[in-house]
Amino acid sequence: MKARVKKQRRAISLHSYLVVFMLIFLAVVLLVTWLFQVVLLDAVYESVRRQDLQRAAERISTALGQENLEDVVFEVAMDELVGVLVYRIDGNRATEIASENAAVGNKPFFISPEGMSELYVRAEEEGGSYQAKITFGGKLVEHSFIESLFPNDPGKSDSLATPEMMNLLYVKISEDAQQNQYMLLLSTSLTPLSPTVNTLQTQFIWIFGILLALAILLTLPISRRISRPIVRMNEAAKQLARGNYDVDFTVEHGYLETQELAESLNFASQELSRSDHLQKELLANISHDLRTPLTMIRGYGEAMRDIPGENTPENIQILIDETDHLSELVNDLLDLSKIQSGVRCPVMEFFNLTVAVREVMGRYEAFTRAQGYHIRLETDGEVFVFADRNMILQVIYNLINNAINYTGEDLSVTVVQTVRDGRVRISVRDTGEGIPPDQLPLIWDRYYKVDRVHRMARMGTGLGLSIVKGILEVHGAKYGVDSTVGKGSVFWFELPVSEPPSPEPGRA
Ligand code: ADP
């Protein structure tokens, strides 16, 4: 046969989970930092400088044709640390009208006329601006024509920037308000970042080491602190499973969630203890209740067998009454267990609730006449409901039975039927001792007795209200009790009113 129990994967402890999580988090943070600070540093730096050049060219363009052009060129060169050359284009001629150089390690350009015209053509082709990455000294970087900008004249080359220094060149063709054409040439050096990168790498190793040590130092105690209350509660839960209901789940230095969990578990263990207690009491009560009539039956039976003249109709009636009582008890127990286990499901039908109440009251007619009880029904009309008729009859029967058992000396019981907001409420009122408020929620438990005196011989089976509760709950009905000590109690339940079923056509 195939094993049906699914093997559970062994979970890792919260403590290890937190440590691993922290280390992974640290690794990700460091990786991202390393990527940006070391690997991508050159690329990011270059892109920033390209934007600086474009911004500088835009600013200068706005001052073209104005008298303060040279001031603006100076200002922009200083702000952005770039070299600037401004040419005015008249036909084929280009005249330098302003220049400034604030680029670190960047010396004034030397540009051959061919180079100039080539740059102009490129910029025009590319929509007015052109960018290139070069090293001065004539070394080609991106485009071969740039070589022509810097002829292999050692003298000229010397006048340029350090040969290894990488530079960005930005060319922009622009016009002033009078539509005169200009060519702006901007350059900036890309300071080699390798020494910076080396510094950062060394720093990075230190940062990594320090963060790793910090992470371990902090995570270990924190994760232990987080997992400790849970471990403690787990130990307590094991004790609870072994039947120790006095176990306390409260933990010191817990956090909100563990405190709430501890409260819930403490409540659960109290409830378990109560239910265990009730279970034991239930067993004791059932045995007691079964034994009482059995002892009576046996006693009377023996007397009738052994003592002449005891075989009277009254004694036989006692035997019959006691067996009736026994079967009532057994039936109630069966009913209760069927309702509670869900075996007995309600069979829903439309029926006249008022008629059902009258029917139950009718059962007591002979009894009330003989004993002097007054059972009244107050109603202002007949009401239909959709429910399990037999179950609802059992509820009404149990409530009236209790009211008769517990009512006061005036021996009166009143059943009131009221309809409100589409719901009908049946209240059974007595004038008895009432029930103390602290006992009210408990009376619906099996075998719960307010006065703890087992009065079953005279009264019900001690299961009546549990059966009432079970039946009303499977109907989803509201129910309750209002009681004043010394004045009496009102037990009530509510059901939705239903329309009486219309007679089938053709059957009139
Ligand atoms: P019992 O057979 O003992 O009446 P029930 O389950 O019907 O069992 O009721 C549980 C307990 O609730 C009773 O023992 C009694 O203490 C209390 N009780 C029920 N109905 C009334 C009532 N009408 N007046 C006062 N106490 C009541």
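Here are the numbers for this structure:
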item	result
Out of Asn398, Asn390, sole residue that is away from the ligand (no atom under 16 Å from the Cβ), under 45 Å from the mean Cα position of the chain (by Cα) and part of a helix (DSSP H, G or I)	Asn390
Among (1) without any contact (Cβ under 8 Å) to a residue 24 or more places away in the chain; (2) hydrophobic (A, V, I, L, M, F, W, C); (3) under 23 Å from Thr368 (Cβ atoms) - the single one Ile426 does not satisfy	(1)
Selection from the stretch 361-407 of residues that are modelled with pLDDT of 90 or more, more than 23 Å from Glu433 (Cα to Cα) and of a type in the set (D, E, K, R)	Glu382, Asp388, Arg389
Selected residue [hydroxyl-bearing (Ser, Thr, Tyr) and either part of a strand (DSSP E or B) or not assigned by TED's automatic domain parsing to the domain that holds Ile467 (or both)] from Thr323, Thr354	Thr323
Thr323 vs. criteria touching a residue at least 12 places away in the same chain (Cβ under 8 Å), among the hydroxyl-bearing types (Ser, Thr, Tyr) and surrounded by fewer than 17 Cβ atoms within 10 Å (Cβ to Cβ)	yes
Gly460 outside any helix (DSSP H, G or I), within 11 Å of the ligand (Cβ to nearest atom) and at pLDDT 90 or above	no
Test result for Gly301, over 60 Å from the mean Cα position of the chain (by Cα), over 27 Å from Val474 (Cα atoms) and not in a helix (DSSP H, G or I)	no
Any chance Val416 is aliphatic (A, V, I, L, M), part of a strand (DSSP E or B) and more than 16 Å from the ligand (Cβ to nearest atom)	no
Residue match in the stretch 358-373 (condition: in contact with an Asp or Glu (Cβ under 7 Å, 6 or more places away or on another chain) and surrounded by 12 or more Cβ atoms within 10 Å (Cβ to Cβ))	no
Filtered residue count, the stretch 419-449, keeping only those that are surrounded by fewer than 19 Cβ atoms within 10 Å (Cβ to Cβ), near the ligand (Cβ under 8 Å from one of its atoms) and aliphatic (A, V, I, L, M)	0
All positions within the stretch 463-485 that are in contact with a Pro (Cβ under 9 Å, 6 or more places away or on another chain) and within 10 Å of the ligand (Cβ to nearest atom)	Ser483, Val485
Single residue of Ser327, Ser337, Ser341 found to be more than 16 Å from the ligand (Cβ to nearest atom) and either small (Gly, Ala, Ser) or under 43 Å from the mean Cα position of the chain (by Cα) (or both)	Ser341
Qualifying residue in the stretch 32-40 (condition: closer than 21 Å to Gly128 by Cα and either of a type in the set (Phe, Trp, Tyr) or not assigned by TED's automatic domain parsing to the domain that holds Tyr170 (or both))	no
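Here is a yes/no grid of residues against (1) in contact with a strand residue (DSSP E or B) (Cβ under 6 Å, 6 or more places away or on another chain); (2) at pLDDT 75 or above:
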residue: Glu67; (1), (2): no, yes
residue: Val72; (1), (2): no, yes
residue: Ala77; (1), (2): yes, yes
residue: Gly91; (1), (2): no, yes
residue: Ile97; (1), (2): yes, yes
residue: Gly105; (1), (2): yes, no
residue: Leu140; (1), (2): no, no
residue: Glu147; (1), (2): no, no
residue: Phe150; (1), (2): no, no
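The values are calculated or read from the model by the stated rules, or taken from the named source; none is laboratory data. Fair warning: this is a prediction, and the values are worked out from it, not measured in the lab. Backbone-built Cβ (ideal geometry, glycine too); neighbour counts: all protein chains shown.
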